[in-house]
Structure formats: structure tokens, C-alpha cells
Amino acid sequence: MLGVNDVQTRADIARIINAFYDKATADPTIGYLFEGLDLQAHLPTMHDFWENVLFRTGVYKGGMMYKHLVLNAQKPLKAEHFGRWLELFSATVDEHAAGPNAETMKQFAHSVAATMQARILGNPMFPIVGK
């Protein structure tokens, strides 16, 4: 683990999210799903999302499910995509932070992945690993 501090600021969130997208876009399983995405435009939205999750700032203005339904229509999502996204996300959080907010990020990510998978694929998420 590179960092031992918890996620405490938007800068901490940005460091984690940017590192995650660096991995995700290069990943052989899910990288192609990000092709055509304007990552520089997308990253501030993801920073807003996680800042709202952790600090209840109200800066994120929804539409997450709709955007992923559109993605699914263009590039069909599979259960393994959700699993790999969650695996990479959790590992990235662990590499950069430790503490209650880091744990909240991982738990919320699992919830998001499970909800999206159920709504998009119509089947439940795999069991929570390590629970």
C-alpha cells in the first residue's frame, strides 16, 4: 500500500480515481469499454460523484444509470466486466488509502456494481468477496 492515510479531500479522491482509470483503460478485460470516452471531461464528473458519496457535497448531478444503459446498448456489458471493474477499483483504493472513507468507497463501489449489473443484465452480483 502506497498510502496509509484515509481519503480526506477531493485531491485524495482525484488521485485514486485517476489511478483507477489509468488501470481500467489499459485493462484487457474492460479497457475497450472506455474507447471513445473523453477521459479528461469524464474525470471531474467522477471526482464529483465520489466527493458526494464521501462528503455529501451535492456536487454530483446524476444520470449514472442512464449513461451505462447507453454504453450497454453500444458495447454489451457482461458479468465479468462488473467483476473486473470492482476488482481494479478496490485494488486501487487499497494502494492509495486506508481508513473508514477508503472502506466506504470500496463498499459503495460494490453496491454500484451490484445495482448496475442487476438493472442492466437482470441478474444479481456475485457474492461479496471477503465478507
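The values are calculated or read from the model by the stated rules, or taken from the named source; none is laboratory data. Note that this is a predicted model, so its numbers are computed, not measured. So basically every Cβ, Gly included, is an ideal-geometry build from the backbone, and we count neighbours across all protein chains shown.
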(request) Among the candidates 120, 30, single out the residue that is in contact with a His (Cβ under 8 Å, 6 or more places away or on another chain) and closer than 19 Å to residue 16 by Cβ. (result) 30
(message) Just to check your reading of the model, which residue among 90, 111 is of a type in the set (Ser, Thr, Tyr) and out of contact with any helix residue (DSSP H, G or I) (no Cβ under 9 Å at 6 or more places or on another chain)?
(response) 111
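Do we find that residue 49 is touching a residue at least 12 places away in the same chain (Cβ under 8 Å) and under 18 Å from residue 37 (Cβ atoms) in this structure? Reasoning before the result, please.
Numbers: touching a residue at least 12 places away in the same chain (Cβ under 8 Å): yes; under 18 Å from residue 37 (Cβ atoms): yes.
Taking the combined requirement at face value, the residue satisfies it.
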(request) State the number of residues belonging to the range 35-73 that are at pLDDT 90 or above, part of a helix (DSSP H, G or I) and surrounded by 10 or more Cβ atoms within 10 Å (Cβ to Cβ). (result) 15
(request) Kindly provide the set of residues from the range 1-34 that are surrounded by 16 or more Cβ atoms within 10 Å (Cβ to Cβ) and aliphatic (A, V, I, L, M), ordered by number. (result) 7, 13, 14, 16, 17, 19, 24, 30, 33
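Within the range 77-107, count every residue that is of a type outside the set (Gly, Ala, Ser), within 21 Å of residue 27 (Cβ to Cβ) and part of a helix (DSSP H, G or I). Walk me through it before giving the result.
At the first step, the residues of the range 77-107 found to be of a type outside the set (Gly, Ala, Ser) are 77-78, 80-82, 84-89, 92-96, 100-101, 103-107.
Applying the additional criterion that residues be within 21 Å of residue 27 (Cβ to Cβ) yields 77-78, 80-82, 84-89, 92-96, 105-106.
Now narrow it down to the ones that are part of a helix (DSSP H, G or I): 80-82, 84-89, 92-96, 105-106.
Total satisfying the criteria: 16.
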